[in-house]
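*Asks:* Have a look at the structure that comes next, please.
Throughout, read-outs are computed from the coordinates displayed, never taken from laboratory work. Just so we're clear, the structure is a prediction, and the values are computed from it rather than from any experiment. Every residue, glycine among them, receives a Cβ derived from its backbone with ideal geometry; neighbour counts consider all protein chains shown.
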Amino acid sequence: MSMLRMGLLSGPRPARRAGGGRQHTTRLRDDAGRCTLASRHDPARPMTDLGAAAKLRAAFELSPTILAVTDLEHGTFVEVNDAFLRATGYAREEVIGRPVPALGLWVDPGQRERGLAGLRAGHPVRGLEARFRTKTGEEIVTIANADIVAVEGRQYVLTALIDITDRVRAEAALRESEQRFAQAFHANPLPMSIVSLRDGRHLDVNEAAVRHSGYTREEMLGRTKPDLGLWVAPDERQRLLERLRAEGRARDFEVTFRAKGGEHRRLLVNSEVITYGGEPAVLSVSLDITERSELEARREARRAEAETLARAKDEFLAMLGHELRNPLGTITNALGALNRLVDDAAVRRLADIIGRQTGHLARLVDDLLDVARVTSGKIELRPERVDLRALAARCLDALVEARRTAEHDVAVQGEAVAVHGDPARLEQVISNLVDNALKYTPPGGRVRVTVGRRGHEAVLSVRDSGAGIRPDLLPRIFDLFVQEPQALDRARGGLGLGLTLVKRLVELHGGSVAAASDGPGRGSEFTVRLPVAAGAAAAASPPAAAPPPAAGPPEPVDGRRRVLVVEDNADARESLRLLLEMAGHEVETCEDAPGGLARLATFRPDVALIDVGLPGVDGYALARLARDTPHGRRARLVALTGYGQADDRRRALAAGFDVHVTKPVDPARLEALIAALPAPPHPT
């Protein structure tokens, strides 16, 4: 409501005059409702001239100040202005002529009595804070001023009230807010401080800040953080101040403070520019993250150490693969040459045995490296639309050609189902599962590969009639290095890597694999589930062409090729030369990059087989140098290496090689590769 009422300081209403005469009254408003301030004894005679009366009437009526005139002797309302009526909620007829106490306006009636006594004693009321009750019962707060005015010899009380209710309420709310802030500030378990933005002096600190810093409250107030030596890094303080002045706040700002005892603490600070005691100040709350920072530092150190170890492991495995594949490649080349030189059946059987065991060792090396890559997330898939049944048939054909199924009844059955996957990796999955079934199935046993579709999944199962799986081993069958116990002769061999690799590769394709067995001696079944390719209802893509038969390399389609072999290992170099010459090619060899670059110019080969691990200038650099020469640009460059990771393949192609081949290379595949390379144009 707005302002307070007037006329509340009048005296009590007197009794009627003896003899029944009419009491003496003075009216301040004419019959038309206009304020005249004229005596009732002489209605026609105004108190002053008419111009002054009009001005006084207008000032009284229009004033925003609450005004009331009451009779000092009788205590009744004589006149009130519109501001009084708006503030109290009364109508004019409810007020005029009624005694002040009858309306119950004063919250503290004693305050009115004291004011009246002062007025009668000649002391005007000035700046009195008084509370009044409106018609609806609401309280308003005012500043009251009152004085006695004389009209026609009679005394009236003129009261002026200024409504300060909103201000008082705002001040009360502010005091309450400040009290709540002070309580929250001092009760907060986190260190809090308020410092002057002008000079950095501590204006207030809470108990947590005292405990955390090691200083007493008295030692901190009035002093700056630099005075106390709290800042370890002054540049952090400067950056914080710059942010506060630019943005008015700072969020999650990390700083290092030094406590009184000298220990360093890492803090996460949030600050805000506020007004405190009439001046700009900075309110800050700090969270001690020392332990968290130390933990993160240790975690980061462990992560860096783990990354270093992972890199060392990858480098070791790459080196191991290279060092193992090089001799395997040499043995494979020598066997290929031996098969061409010898017609004796016994020698050929021995060569076949060496070849099978060499292939087995090569697969172990591949599995070991693939498991390492897949567990570290470094397997790169090259997905395409694949007919899963055709792929299974191709895997079986390869096993048949390698004479690994000669003692078993192995077959592929089911329907064509298209999936979206990497053909090489899916072929690896199927080969590992079939190879595992063959390993644990005695001669004469059955292995069935079945392909079908169930809903939105392609399902491939490999079921055998072999040794089965113990129930306690089933939950761990896909774990690394897990195998069925073997006798001392380890007749089945293996490292326990194949099924782990199967599981990881299937999961990379968004599928799953499960093992089941009715127990020892009752066979086992491995089931792979893969998402069906989009639009799989259409005819699946035709199977990829089968690899060349291992029985013997075909003749080059374009006759003899000139082949340059750049290999630093003498045995590998010589065995490869013999193998290629027996296949009808013209071959020259050298042992390092400078020699290879020179032979490119003099020999002008159609194909150059280059080992990337050359001493001094490596094979990658040789390929780049070769591509800068006319003869090197026309030759087909083949990277023949023991390094077989995806990065190695990309690096070889980026260096200028046409093909990247990982050792050991089957002689038939090598011959097919050379034959498939288009012959470079010879200069005319």
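*Asks:* How many nm separate the modelled label positions at GLU263 and ARG198, each set 7 Å beyond the Cα in the direction of the Cβ?
*Replies:* 3.8
*Asks:* Oh, and also: If you count the DSSP beta bridges with both ends in the range 188-288, what percent of them are antiparallel, to the nearest 5?
*Replies:* Approximately 95 percent, going by the DSSP bridge assignments.
*Asks:* Report the semi-axes of the equivalent ellipsoid for the range 187-321 in whole Å, largest first, where each axis is √(5λ) for an eigenvalue λ of the Cα gyration tensor.
*Replies:* They are 41, 16, 12 Å, listed largest first.
*Asks:* Stretch ARG382-ARG560 to full length: gain in nm at 0.36 nm per residue minus the Cα-Cα span?
*Replies:* Gain in length upon complete extension: 60.7 nm.
*Asks:* Can you tell me the equivalent ellipsoid semi-axes for the range 379-531? Use √(5λ) from the Cα gyration tensor, largest first, whole Å.
*Replies:* 24, 17, 15
*Asks:* How much FRET efficiency would the formula 1/(1 + (r/R0)^6) give for GLU94 and GLU171, where r is the Cβ-Cβ distance and R0 is 30 Å, rounded to 0.05?
*Replies:* Efficiency for this residue pair is about 0.40.
*Asks:* If R0 is 25 Å, what FRET efficiency do you get for ALA676 and THR629 from their C-beta distance, rounded to 0.05?
*Replies:* 0.55
*Asks:* May I pose another question? Can you give me the C-alpha center-to-center distance between the range 210-288 and the range 175-200, rounded to a whole angstrom?
*Replies:* 13
*Asks:* Next question. What order do you get for TRP231, TRP106 when you list them from fewest to most C-beta neighbours inside 10 Å?
*Replies:* Ascending number of Cβ neighbours within 10 Å: TRP231, TRP106.
*Asks:* Tell me which residues come under 5 Å, amide H to amide H, from ARG636 once H is placed; ignore anything under 5 positions away on its chain.
*Replies:* Those lying under 5 Å, H to H, from ARG636 are VAL607, ALA608.
*Asks:* Which whole number in µm²/s is D for the range 595-684 by Stokes-Einstein, with the Kirkwood Rh taken over Cα pairs at 37 °C and 0.692 mPa s?
*Replies:* D = 247 µm²/s.
*Asks:* Tell me the net charge near VAL285. Cut-off is 13 Å between Cβ atoms, VAL285 excluded, with +1 for each Lys or Arg and -1 for each Asp or Glu.
*Replies:* Its environment carries a net charge of -2.
*Asks:* May I pose another question? For the pair ILE148 and GLU272, how long in nm is the line joining their label points, each one 7 Å along Cα→Cβ?
*Replies:* It is 5.6 nm.
*Asks:* With θ set to phi - 60°, apply the Karplus curve 6.51 cos²θ - 1.76 cosθ + 1.60 along the range 185-198 and write out the HN-Hα couplings as whole Hz, x wherever there is a Gly or Pro.
*Replies:* Working through the residues one at a time gives 4, 7, 8, 5, x, 8, x, 10, 8, 10, 10, 5, 5, 6 Hz.
*Asks:* Using the count of nearby Cβ atoms within 10 Å as a rough guide to exposure, how do ILE289, ILE674 rank from fewest to most?
*Replies:* ILE289, ILE674
*Asks:* For GLU586 and ILE354, FRET efficiency with R0 = 30 Å and r from the beta-carbon atoms, rounded to 0.05?
*Replies:* 0.60
*Asks:* Can you tell me the length gained on complete extension of the stretch GLU305 to ILE289, counting 0.36 nm per residue apart and subtracting the Cα distance?
*Replies:* 3.4 nm
*Asks:* Please give, to one decimal in nm, the separation of the simple spin-label points placed at ALA534 and ALA345, each 7 Å out from Cα toward the Cβ.
*Replies:* Reported label-point gap for ALA534 and ALA345 is 5.9 nm.
*Asks:* For each of SER512, SER461, SER177, SER524, count neighbouring Cβ atoms within 10 Å of the residue's Cβ, then give the residues from fewest to most.
*Replies:* Going from least to most buried by this count: SER177, SER512, SER461, SER524.
*Asks:* Now a separate question. How large is Rg over Rh for the range 143-204, taking Rg from the Cα atoms and Rh as the Kirkwood inverse mean of 1/r across Cα pairs?
*Replies:* 1.44
*Asks:* Another question, if that's okay. Express in nm, to one decimal, how much length is gained between LEU474 and THR602 on full extension, taking 0.36 nm for each residue of separation and deducting their alpha carbon distance.
*Replies:* So the chain would gain 39.8 nm between LEU474 and THR602.
*Asks:* Here's another thing I want to ask about it. Quick one: what are the phi-derived ³J(HN,Hα) couplings along the range 249-259, Karplus 6.51/-1.76/1.60 with θ = phi - 60°, whole Hz, x for glycine and proline?
*Replies:* For the range 249-259, the Karplus curve yields 7, 9, 10, 6, 9, 8, 9, 10, 10, 10, 6 Hz.
*Asks:* Could I ask something else about it? Along the range 571-576, what does the Karplus equation 6.51 cos²θ - 1.76 cosθ + 1.60 (θ = phi - 60°) give for ³J(HN,Hα), rounded to whole Hz, x for Gly and Pro?
*Replies:* Couplings: 5, 5, 5, 5, 5, 5 Hz.
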